[in-house]
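**Q** Please read through the structure below; I'll follow up with questions.
We did not get these values from a lab; they are worked out from the coordinates using the rules stated. These numbers were taken from a predicted model, which means no experiment stands behind them.
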């Protein structure tokens with residue numbers, strides 16, 4: 001049931017990993033879509049500058065960003081919490097860029113028709129932009145869920161409470177160091193259980209995922 005004397009039961013780690021991955025996925029998609037929507041369709045000063053400021057963050061290695069981010073989380077008293085696990089990973093320059101490129105392919109006639117009908121920006125987003133983005137959403141959902149599920153370094157830096165441990169970090173804790181003995185049967189069983197959720201997500205969303213990748217290349 002557990003992975004060590006100082007570890008939570010493995011089912012609890014699976015639950016924590018699912019909450020983390022699902023929260024990161026929903027948050028990243030929401031933030032990225034709304035950011036790209038604002039940059040493409042709202043006319044405000046320096047909007048292109050804001051976009052490039054977001055895009056430039058892709059050039060910063062993770063090693064440069066991770067320790068300042070840990071310090072911010074510590075100052076905000078969010079260590080050992082789901083908020084600390086998920087909030088810093090919800091912003092994504094890549095997803096914002098992909099949604100921006102897709103939104104720019106939508107014809108201006110849609111915007112004009114919405115304005116003539118008196119639709120508000122959020123109604124235009126919910127009724128027109130969101131439905132047209134479903135294939136892109138499916139592709140990004142799969143990629144982002146796997147990204148969140150496979151997080152290893154971030155939980156190690158943020159979490160000290162064993163009840164908030166995640167599966168990937170938990171498996172590392174199952175491997176003995178020094179003169180300890182590793183129960184490899186338990187390690188392999190844990191690895192197989194850890195593989196199940198991402199595989200299920202890919203199989204369930206396979207068609208939409210492939211269609212989203214193909215549409216994004218057009």
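**Q** Which residue fluctuates most in the GNM of the chain (Cα springs below 10 Å): 53, 13, 90?
**A** Comparing 53, 13, 90 in the GNM, the peak value goes to 53.
**Q** Using only Cα atoms, tell me the angle between helix 62-75 and the longest principal axis of the chain; keep it within 0 to 90° and round to the nearest 10.
**A** 80 degrees
**Q** Any chance you could give the angle, 0 to 90 degrees and rounded to 10, that helix 184-204 forms with the longest Cα principal axis of the chain?
**A** Once rounded, one gets 20 degrees.
**Q** On a 0 to 90 degree scale, rounded to 10, what angle separates helix 93-103 from the longest Cα axis of the chain?
**A** Approximately 30 degrees, to the nearest 10.
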